[in-house]
């Protein structure tokens with residue numbers, strides 16, 4: 001009995017070209033930056049840190065004043081200052097232009113550390129789905 | 001079979017669209033986050049205006065009581 005497997009080389013080449021196209025697209029870094037900045041804002045607002053753990057609770061005095069979920073958002077100035085700039089097609093920088101951010105990131109003698117500027121493993125997986133797998137699926141059809 | 005440059009163009013267009021979508025979301029989040037702060041600033045400004053108005057009325061009343069006349073600036 002003869003077993004025969006046919007491989008369509010053209011399909012394979014198109015798949016590899018599509019992978020190359022997604023990775024070399026000029027908009028790759030911009031899409032990554034947009035996703036990351038938005039994710040940091042949304043995740044922080046939901047009360048989760050860069051490891052997807054809940055932020056440490058506010059002190060009793062501050063909780064009485066602010067109340068609600070620990071989402072590092074009082075005036076909105078800090079989270080509202082989060083932005084991104086893409087230096088090239090392969091590099092993007094997420095920024096947070098607020099003095100308060102440093103206190104949260106590092107913690108102080110009066111405040112516990114609440115890290116929010118970064119992506120969790122889940123965030124990175126979601127980002128790859130959005131900027132790599134999604135466009136690749138569109139290209140390959 | 002699409003050639004590589006055409007695929008790169010399509011991928012770029014998809015990425016631009018994704019980036020625009022997120023820029024829009026970030027802008028919406030800012031508009032949702034900032035109104036509370038904007039309202040506080042407006043309230044402070046309104047209070048200041050109310051105080052100024054009362055002060056000006058007092059000045060007008062003072063003029064009337066003392067019988068002084070002259071231009072009044074608001």
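The table for this structure:
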| read-out | value |
| --- | --- |
| Test set (1) modelled with pLDDT of 90 or more; (2) within 15 Å of residue A:39 (Cα to Cα); (3) in contact with a helix residue (DSSP H, G or I) (Cβ under 9 Å, 6 or more places away or on another chain) - residue A:53 fails condition number | (3) |
| Qualifying residue in region A:35-48 (condition: over 26 Å from residue A:112 (Cα atoms) and assigned to a helix (DSSP H, G or I)) | yes |
| Single condition residue A:92 does not satisfy, out of (1) away from chain B (no Cβ under 14 Å); (2) part of a strand (DSSP E or B) | (1) |
| Given (1) in contact (Cβ under 8 Å) with a residue 60 or more places away in the chain; (2) surrounded by 14 or more Cβ atoms within 10 Å (Cβ to Cβ); (3) out of contact with any strand residue (DSSP E or B) (no Cβ under 7 Å at 6 or more places or on another chain), index of the condition residue A:51 fails | (2) |
| Some residue of region A:66-77 being over 15 Å from residue A:114 (Cβ atoms), under 17 Å from the mean Cα position of the chain (by Cα) and in a helix (DSSP H, G or I) | no |
| Qualifying residue in region A:4-15 (condition: within 26 Å of the chain's Cα centre (by Cα), buried (at least 17 other Cβ atoms within 10 Å of the Cβ) and touching a residue at least 24 places away in the same chain (Cβ under 8 Å)) | no |
| Index of the failed condition, residue A:93 passing every other in (1) closer than 25 Å to residue B:15 by Cα; (2) surrounded by fewer than 16 Cβ atoms within 10 Å (Cβ to Cβ); (3) out of contact with any strand residue (DSSP E or B) (no Cβ under 6 Å at 6 or more places or on another chain) | (3) |
| Among the candidates A:30, A:38, A:26, residue that is in contact with a helix residue (DSSP H, G or I) (Cβ under 9 Å, 6 or more places away or on another chain), at the interface with chain B (Cβ under 9 Å from one of its Cβ atoms) and surrounded by fewer than 20 Cβ atoms within 10 Å (Cβ to Cβ) | A:26 |
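The values are calculated or read from the model by the stated rules, or taken from the named source; none is laboratory data. These numbers come from a predicted model, not from an experiment. Positions of Cβ are backbone-derived with ideal geometry, glycine not excepted, and every protein chain shown enters the neighbour counts.
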